[in-house]
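A.B. asks: Before we start, here is the structure in question, set down as structure tokens.
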Amino acid sequence: MKAFRLDELEAERAANDGAYLQFVKERNMSVGLYALDAGELDPQQPHNQDEVYLVVSGRASITVGMETTQVGRGSVVYVPAGVAHKFHHITEDLRVMVVFSPPES
């Protein structure tokens with residue numbers, strides 16, 4: 001079993017000065033913590049994997065393809081592989097659990 005605490009993952013991510021911390025990588029999936037602070041721009045490009053976002057804290061909008069919605073704690077968003085997507089109008093520091101399938105390279 002692998003078990004994690006969100007506060008410890010956040011501390012590790014912050015200590016490594018990165019917006020993303022991958023903490024699980026298995027044959028069929030990977031999982032990471034993605035962080036964007038209020039007012040920050042989301043630099044990500046489309047991925048080669050399907051992904052699911054679970055917002056654990058913060059508030060923002062996300063555009064996936066041509067659709068936009070507001071997200072906050074508890075929001076879950078599916079993004080198909082290859083589709084352009086960005087978080088924007090981040091009004092509260094955003095912390096998002098990201099699941100990639102197949103695993104991110």
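The values are calculated or read from the model by the stated rules, or taken from the named source; none is laboratory data. This one's a predicted model, so the numbers in the text were calculated from it and none came from an experiment. Note that each Cβ is placed from the backbone with ideal geometry, even for glycine, and that neighbours are counted across all protein chains shown. In case anyone asks, the SASA skips ligands and DNA or RNA and just uses the protein heavy atoms, side chains included. Shrake-Rupley method; radii C 1.70, N 1.55, O 1.52, S 1.80 Å.
A.B. asks: Under 4 °C and 1.567 mPa s, how fast does the chain diffuse according to Stokes-Einstein, given a Kirkwood radius computed over C-alpha pairs? Answer in µm²/s, whole number.
C.D. replies: D, rounded to a whole number, is 93 µm²/s.
A.B. asks: May I pose another question? Per residue, how large is the accessible surface of the chain? Use a 1.4 angstrom probe and give square angstrom.
C.D. replies: 60
A.B. asks: Along the three principal axes, how long is the stretch 1-51 when you take its alpha carbons, biggest first, rounded to the nearest angstrom?
C.D. replies: 37, 28, 15
A.B. asks: Let me ask something else. Provide the FRET efficiency to the nearest 0.05 for the Lys2-Met66 pair, computing r from the beta carbons and using R0 = 35 Å.
C.D. replies: Numbers: r = 37 Å, r/R0 = 1.06.
Efficiency at R0 = 35 Å is approximately 0.40.
A.B. asks: Now for a separate question. Along Cα→Cβ, 7 Å out, is where each label goes; now give me the distance between the ones at Glu92 and Tyr78 in nm to one decimal.
C.D. replies: Rounded to a tenth, the inter-label distance reads 2.7 nm.
A.B. asks: As a test of the formula, what do you get for the chain when each DSSP H run with n ≥ 4 contributes -39,500 (n - 2.57) and the sum is divided by the residue count, at 222 nm and rounded to the nearest 500 deg cm²/dmol?
C.D. replies: -3000 deg cm²/dmol
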